[in-house]
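Below is one structure, written out as structure tokens; the observations come after it.
The values are calculated or read from the model by the stated rules, or taken from the named source; none is laboratory data. Keep in mind that this is a model prediction, so the values were computed, not measured. For neighbour counting, all protein chains shown are included, and Cβ atoms are generated from backbone atoms with ideal geometry for every residue, glycine included.
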Amino acid sequence: MHGASSPGWLLVALCAATGAYCLLRMRSPVEEQRRAAGGEALMGFGMAAMAVPATVLTPPRWAWLGYTAVFGAAALRALWAARTCPHHLHHLVGASAMVYMAAAMARGAHSGVPVLTGVLLVYFTAYVLWTGTRLVPVAVAGHEGGGTRAARWGDRPELSRACRLSMGIGMLAMLLTL
């Protein structure tokens, strides 16, 4: 994507770390956790690859077309999964946003359609704010803390939410540079 080099590398690191944690979540014994983690790992690593500063690496046109195809397939999978789980609608929007950004870069147009970019910016801003509020600790009434076992790293809901928040912020940053 376009923009300054230092923030670009920070975005690459954030998205790659998020993708790596999502791979860890894929080892969860909870099936829904594994299913969501796979799509989120793809998004994290894809965002990391797309965020490499253009001053370091300018991918050829066919690479952007490859991103478009991969995220187009991810969008179709999310659409299919959304039939039974509404959370996948967010995955559909995220994958579609990646298709949109990759297609804009493949065309060589360093800006997208302003109205669509604006709609995506509003959506991801609302998503980041909503996800951020869900990270605020809430006291659990009647819980004494005894007898419960700590959740495995791949099954901790607050880490999953933090990863989703990170990817939402990353998506905002990428859309702003489009």
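Remarks
- The single residue among Ala104, Ala51 that is surrounded by 17 or more Cβ atoms within 10 Å (Cβ to Cβ) and over 17 Å from Gly168 (Cβ atoms) turns out to be Ala104.
- Filter pass, Gly94 being assigned to a helix (DSSP H, G or I), within 22 Å of Leu121 (Cβ to Cβ) and either touching a helix residue (DSSP H, G or I) at 6+ places or on another chain (Cβ under 6 Å) or not small (Gly, Ala, Ser) (or both): yes
- Among the residues of the range 105-146, just one is on the phi > 0 side of the Ramachandran plot and either at pLDDT 70 or above or polar (S, T, N, Q) (or both), namely Gly108.
- Residues of the range 10-41 classified as among the hydrophobic types (A, V, I, L, M, F, W, C), within 20 Å of Leu89 (Cα to Cα) and either in contact with a Pro (Cβ under 7 Å, 6 or more places away or on another chain) or buried (at least 21 other Cβ atoms within 10 Å of the Cβ) (or both), total: 3
- Given (1) of a type outside the set (Gly, Ala, Ser); (2) free of Cβ contacts under 8 Å to residues at least 40 places away in the same chain; (3) touching a Phe, Trp or Tyr at 6+ places or on another chain (Cβ under 7 Å), index of the condition Leu24 fails: (2)
- Checklist (1) outside any helix (DSSP H, G or I); (2) closer than 22 Å to Cys163 by Cα applied to Val70, failing item: (1)
- Some residue of the range 21-31 being in a helix (DSSP H, G or I) and within 23 Å of Ser111 (Cβ to Cβ): no
- Checking the stated criteria, Leu172 turns out to be at pLDDT 85 or above and surrounded by 13 or more Cβ atoms within 10 Å (Cβ to Cβ).
- Residue pairs meeting the criteria (Cβ under 8 Å; at least 6 apart or on separate chains; first free of Cβ contacts under 8 Å to residues at least 40 places away in the same chain, in the range 110-129; second assigned to a helix (DSSP H, G or I)): Leu116/Tyr100; Tyr123/Val93
- Odd one out for Ala41, checked against (1) touching a Phe, Trp or Tyr at 6+ places or on another chain (Cβ under 7 Å); (2) closer than 27 Å to Leu159 by Cβ: (1)
- Among the candidates Val56, Val93, the residue that is buried (at least 16 other Cβ atoms within 10 Å of the Cβ) and out of contact with any Pro (no Cβ under 6 Å at 6 or more places or on another chain) is uniquely Val93.
- Filter result for Gly44 (touching a residue at least 24 places away in the same chain (Cβ under 8 Å), in a helix (DSSP H, G or I) and surrounded by 19 or more Cβ atoms within 10 Å (Cβ to Cβ)): yes
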